[in-house]
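Please read through the structure below; I'll follow up with questions.
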Amino acid sequence: MIDTSLSQGRGWLLALVLTVAASPAVAQLAQQAFQVVITRAGHDCQAIERTRALGTGSNSDALVAVACAKGGRHVVAIHRDNSVSYMSSCEAFATGTGLACFEGRSSR
């Protein structure tokens, strides 16, 4: 089950990444972490086009949709210790949960 509201006190890294007022250096580090986990999972992600908070998973991980510049769409998890891991493609996420990564655009 996916909770689409972010629990208070969790996902502060996510909040920094998605907040316009976030330090550019912090946002860049978070995006680099997303790129690393996506690349290590075997997908191409040389640049990030955009991100979107999806909510929290049943294990309290903050879930983030990440759109790579060349079209890849992925879901990454930010854990309580602020480590980041790859979860799935947006297509697989949508199939399993019924939730789209990005509204109004293809999840692929």
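Please determine whether any residue of segment 73-80 is surrounded by fewer than 17 Cβ atoms within 10 Å (Cβ to Cβ) and over 14 Å from the mean Cα position of the chain (by Cα). Don't jump to the end; show me each part of the working.
Looking only at segment 73-80, we keep the residues that are surrounded by fewer than 17 Cβ atoms within 10 Å (Cβ to Cβ), and these are 79-80.
Subset that is over 14 Å from the mean Cα position of the chain (by Cα): 80.
Within segment 73-80 (the criterion being surrounded by fewer than 17 Cβ atoms within 10 Å (Cβ to Cβ) and over 14 Å from the mean Cα position of the chain (by Cα)), the answer is yes, since at least one residue qualifies.
Asn59 passes all but one of (1) of a type outside the set (Val, Ile, Thr); (2) within 15 Å of Cys90 (Cα to Cα); (3) modelled with pLDDT under 90; which number fails?
Against the list (1) of a type outside the set (Val, Ile, Thr); (2) within 15 Å of Cys90 (Cα to Cα); (3) modelled with pLDDT under 90, Asn59 comes up short only on (2).
Every residue, every condition in (1) assigned to a helix (DSSP H, G or I); (2) of a type outside the set (Val, Ile, Thr); (3) farther than 20 Å from Glu103 by Cα, yes or no:
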{"position": "Ala33", "(1), (2), (3)": "yes, yes, yes"}
{"position": "Ile38", "(1), (2), (3)": "yes, no, yes"}
{"position": "Gln46", "(1), (2), (3)": "no, yes, yes"}
{"position": "Ala53", "(1), (2), (3)": "no, yes, no"}
{"position": "Ser60", "(1), (2), (3)": "no, yes, yes"}
{"position": "Ala65", "(1), (2), (3)": "no, yes, no"}
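Failed condition for Val17, given (1) modelled with pLDDT under 85; (2) in a helix (DSSP H, G or I); (3) exposed (fewer than 14 other Cβ atoms within 10 Å of the Cβ), with all others met?
It is condition (3) that Val17 fails.
Then there is this: Could you please find all residues in segment 82-97 being without any contact (Cβ under 8 Å) to a residue 12 or more places away in the chain and under 12 Å from Ala62 (Cβ atoms)?
Ser83, the sole residue that qualifies.
Here is a further query. Would you please name the residue that is surrounded by the fewest Cβ atoms within 10 Å (Cβ to Cβ), looking only at residues in segment 81-108 that are in a loop (DSSP other than H, G, I, E, B), touching a strand residue (DSSP E or B) at 6+ places or on another chain (Cβ under 9 Å) and of a type in the set (D, E, K, R)?
Glu103
The values are calculated or read from the model by the stated rules, or taken from the named source; none is laboratory data. Source: prediction; values computed, not measured. Methodologically, a virtual Cβ is constructed for each residue, glycine included, from the backbone with ideal geometry; neighbour enumeration extends over all protein chains shown.
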